[in-house]
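First the structure, then my questions, so here it is.
The values are calculated or read from the model by the stated rules, or taken from the named source; none is laboratory data. Not measured: the values here are computed from a predicted model. Cβ: placed from backbone, ideal geometry, glycine included. Neighbour counts: every protein chain shown.
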Amino acid sequence: MLVLALLVGLLTTAGGTATPAAAAAAPAPAKDSPPAPLATGWTLDETFVALRAVETGGCPDGGRRARGDGGKAIGPYQIHRAYWKDARVPGRYEDCLDPDYARAVITAYWRRYCPGALQEVDAEVLARVHNGGPQGHRKEGTLIFWRKVERELGRQRAGRA
């Protein structure tokens, strides 16, 4: 097994695409199947559901009208104006009240500030950057937020079992 893994690694080009021999060695994922959780164990959808529950869980209308931090954060994911500007998603700040638009803003923000964590669905880094800004994953103060998100992720899994 180890030899096969090393061989596949050697056959992979520097650009990250596999040569035909390497592609033949590894089965291709089904096109219509949802992405499987990666090493971190959580999917992006699970991460968004947990973030929303922590940010505005229990609010009427799914948090669409939620305002937090003294009115400085809006919507189901409690997005601040500076965060929205940093994400560079066309639209108006008030569009962050819409869950789909807000998810697009968050995804763009993560793509800008923690693309590796987004690709790997590293829920901890994603949550901490969402909460604490571009370097949020390095701030001790965001650990409390992450623990809340982690608990919510666990509740989601327990509810499905």
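For the stretch 71-94, which positions are surrounded by 16 or more Cβ atoms within 10 Å (Cβ to Cβ) and either in a loop (DSSP other than H, G, I, E, B) or in contact with a strand residue (DSSP E or B) (Cβ under 7 Å, 6 or more places away or on another chain) (or both)?
Answer for the stretch 71-94, where residues must be surrounded by 16 or more Cβ atoms within 10 Å (Cβ to Cβ) and either in a loop (DSSP other than H, G, I, E, B) or in contact with a strand residue (DSSP E or B) (Cβ under 7 Å, 6 or more places away or on another chain) (or both): Ala73, Ile74, Gly75, Pro76, Tyr77, Gln78, Ile79, His80, Val89.
Please indicate, with yes or no, whether at least one residue in the stretch 95-105 is within 18 Å of Trp42 (Cα to Cα), in the same structural domain as Leu51 (by TED's automatic domain parsing), part of a helix (DSSP H, G or I) and touching a residue at least 40 places away in the same chain (Cβ under 8 Å).
Step one: filter the stretch 95-105 for residues within 18 Å of Trp42 (Cα to Cα), giving 103.
Then drop every residue that is not in the same structural domain as Leu51 (by TED's automatic domain parsing), which leaves 103.
Pick out the ones that are also part of a helix (DSSP H, G or I) and you get 103.
From what's left, touching a residue at least 40 places away in the same chain (Cβ under 8 Å): 103.
Yes: one or more hits.
Test His137 against the stated conditions and say whether it is in contact with a Lys or Arg (Cβ under 7 Å, 6 or more places away or on another chain) and in the same structural domain as Arg88 (by TED's automatic domain parsing).
Numbers: in contact with a Lys or Arg (Cβ under 7 Å, 6 or more places away or on another chain): yes; in the same structural domain as Arg88 (by TED's automatic domain parsing): yes.
Yes, satisfied.
Being under 18 Å from Gly58 (Cβ atoms) and not small (Gly, Ala, Ser) is the requirement here; does Leu153 meet it? Before you say what the answer is, go through the steps one by one.
Values: under 18 Å from Gly58 (Cβ atoms): yes; not small (Gly, Ala, Ser): yes.
Answer is yes for this residue.
Where residues in the stretch 106-161 are of a type in the set (Ser, Thr, Tyr) and surrounded by 17 or more Cβ atoms within 10 Å (Cβ to Cβ), which of them is nearest to Val89 (Cα to Cα)?
Let us first name the residues in the stretch 106-161 that are of a type in the set (Ser, Thr, Tyr), namely 107, 109, 113, 142.
Now drop any that are not surrounded by 17 or more Cβ atoms within 10 Å (Cβ to Cβ), which leaves 109, 113, 142.
Working: Tyr109: 9, Tyr113: 14, Thr142: 25 Å.
This residue is Tyr109.
Would you be able to say whether some residue in the stretch 139-148 is part of a helix (DSSP H, G or I) and under 14 Å from the mean Cα position of the chain (by Cα)? Can you show your working first?
Looking only at the stretch 139-148, we keep the residues that are part of a helix (DSSP H, G or I), and these are 140-148.
Narrowing the set further to residues that are under 14 Å from the mean Cα position of the chain (by Cα) leaves 146.
Among the residues of the stretch 139-148, at least one is part of a helix (DSSP H, G or I) and under 14 Å from the mean Cα position of the chain (by Cα), which makes the answer yes.
For the stretch 14-70: of the residues being acidic (Asp, Glu) and at pLDDT below 85, which is surrounded by the most Cβ atoms within 10 Å (Cβ to Cβ)? Full working, then the answer.
To start, the set of residues in the stretch 14-70 that are acidic (Asp, Glu) comprises 32, 45-46, 55, 61, 69.
Still in the list and also at pLDDT below 85: 32, 61.
Working: Asp32: 5, Asp61: 10.
Filtering the stretch 14-70 for residues that are acidic (Asp, Glu) and at pLDDT below 85, the one surrounded by the most Cβ atoms within 10 Å (Cβ to Cβ) comes out as Asp61.
Quick one: which of Trp84, Trp146, Trp110 is of a type in the set (Phe, Trp, Tyr) and touching a Lys or Arg at 6+ places or on another chain (Cβ under 8 Å)? Give the derivation first.
Working: Trp84 fails: touching a Lys or Arg at 6+ places or on another chain (Cβ under 8 Å); Trp110 fails: touching a Lys or Arg at 6+ places or on another chain (Cβ under 8 Å).
Criteria check complete, one pass: Trp146.
Please work out if Val129 is aliphatic (A, V, I, L, M), in contact with a helix residue (DSSP H, G or I) (Cβ under 6 Å, 6 or more places away or on another chain) and within 19 Å of Glu46 (Cβ to Cβ). Even if it seems obvious, please write down each step before you answer.
Values: aliphatic (A, V, I, L, M): yes; in contact with a helix residue (DSSP H, G or I) (Cβ under 6 Å, 6 or more places away or on another chain): yes; within 19 Å of Glu46 (Cβ to Cβ): yes.
Considered against the rule, which asks whether it is aliphatic (A, V, I, L, M), in contact with a helix residue (DSSP H, G or I) (Cβ under 6 Å, 6 or more places away or on another chain) and within 19 Å of Glu46 (Cβ to Cβ), Val129 comes out as yes.
Follow-up question, since we're still on this one. Those residues that are assigned to a helix (DSSP H, G or I) and either touching a residue at least 60 places away in the same chain (Cβ under 8 Å) or within 14 Å of the chain's Cα centre (by Cα) (or both), I need them from the stretch 44-63; list them, please. Working first, answer last.
Initially, the stretch 44-63 is screened for residues assigned to a helix (DSSP H, G or I), giving 44-56, 60-63.
Matches in the stretch 44-63: Leu44, Asp45, Glu46, Thr47, Phe48, Val49, Ala50, Leu51, Arg52, Ala53, Val54.
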